[in-house]
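The values are calculated or read from the model by the stated rules, or taken from the named source; none is laboratory data. Predicted model only: the values in this text are computed from it and were never measured. Every residue, glycine among them, receives a Cβ derived from its backbone with ideal geometry; neighbour counts consider all protein chains shown.
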Amino acid sequence: MYKSIIRPFLFLFYAEDVHHFVRFCLNFFFSIPGSHWIAKRLFTINDKRLEREVFGLKFANPVGIAAGFDKDATMFNELSYLGFGHIEIGTVTPKGQAGNPKPRLFRLPKDKALINRMGFNNGGVLATCENLKKRKTKAIIGANLGKNTVTPNENAVDDYVAVFEGLYNEAAYFVVNVSCPNISDLHELQDQKYLEAILNAVMEKNTAKPKLKPILLKVSPDLNDGQLDEVITVIEKTGIHGVIAANTSVSREGLTTDEEKVKSIANGGLSGKPLNKRSTEVISYLHENSKGAFPIIAVGGIINAEDAIEKLEAGASLVQVYTGFIYEGPFLAKRINKAILKTVNVI
């Protein structure tokens, strides 16, 4: 029903408007008495074999929602009722910002892909913190950290530390995002010198807290092997706890969508099915060359259960979806979890 009726209808409208409409529908539906019970019956699988303990946190199942879907933490409770074991909110910046000019979110249905250049639009750390205090779910909540667009790279450390400090009490793990292609010059922060400074500063604040919380790094799928080797070195030197692989891509290779349409969209990060192969390659490379020294959360190109299994077999401990959720609908987490239970070597 979703792919034959609901999705074609939703795809008649501008993607970002539909996103806000879906948020409204989720918030409204789950305000109805009995809706949680209905959702639990429809969307969730409760099975001890799905549980995962990763960087000291216990996940009810390995499937989560990637950052970008719930930027301001306004629907994380509702998303958890759809069977997701964790929700990563953000990207969150110290101050609220509007992001890039619209239109900035585009569908490529032939490729089951999206191109976005949102630009870290969010309400800022204080507003997000207040939303997270409305928590009802037991699902793990992670926070994706970014810098304000107007903050020069030489001052980026202060922004990442400020968001970590602001959300420390509300999130279970934190992700340093320096790999989004939609913020001017952000890619420069992937340079080893910048990266170590940011991660060391966040870890310094982290170790001073009563409880050490996991710090992860989100990497770009566009990094070459040498740069991935640098990532492994940085993780070892800074003592952070894991990696999310991978972010959106600036590549447009292998698309079946009309070339003129792609050119008309212009800049932005590509997500969805075209990233599946490269995402798996990055996961496999990091896992093998680090000798499994740190956990990896897989994201990028996970459209169906088979894609998720592939990522887990490549060395990932958990998986996240975003574009696949948009194309496949609200039963995606359940399908993936059912497939995991049938696959002996990833249970």
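Take the conditions (1) buried (at least 22 other Cβ atoms within 10 Å of the Cβ); (2) more than 20 Å from the chain's Cα centre (by Cα); residue 243 misses just one of them, which is (2).
Residue-level check: of (1) assigned to a helix (DSSP H, G or I); (2) over 24 Å from residue 237 (Cβ atoms); (3) in contact with a helix residue (DSSP H, G or I) (Cβ under 6 Å, 6 or more places away or on another chain); (4) of a type outside the set (S, T, N, Q), residue 283 misses just (2).
Among the candidates 172, 201, the residue that is aliphatic (A, V, I, L, M), in contact (Cβ under 8 Å) with a residue 12 or more places away in the chain, surrounded by fewer than 23 Cβ atoms within 10 Å (Cβ to Cβ) and under 14 Å from residue 239 (Cα atoms) is uniquely 201. Between 340, 309, 336, 326, the distinction of being within 16 Å of the chain's Cα centre (by Cα) and among the aliphatic types (A, V, I, L, M) belongs to 326 only. Looking across the stretch 305-347, the residues that are surrounded by fewer than 19 Cβ atoms within 10 Å (Cβ to Cβ) and of a type outside the set (D, E, K, R) come down to 329, 330, 331, 339, 341, 343, 344, 345, 346, 347. In the stretch 173-201, which residue that is in a helix (DSSP H, G or I) and in contact with a Leu (Cβ under 8 Å, 6 or more places away or on another chain) is modelled with the lowest pLDDT? Checking each candidate, the answer is 189. Checking each residue in the stretch 316-325 for being within 13 Å of residue 79 (Cβ to Cβ) and assigned to a helix (DSSP H, G or I) picks out only 325.
Checking the stated criteria, residue 236 turns out to be part of a helix (DSSP H, G or I) and farther than 15 Å from residue 190 by Cβ.
Of all the residues in the stretch 231-266, those that are under 14 Å from residue 107 (Cα atoms) and of a type in the set (A, V, I, L, M) number 4.
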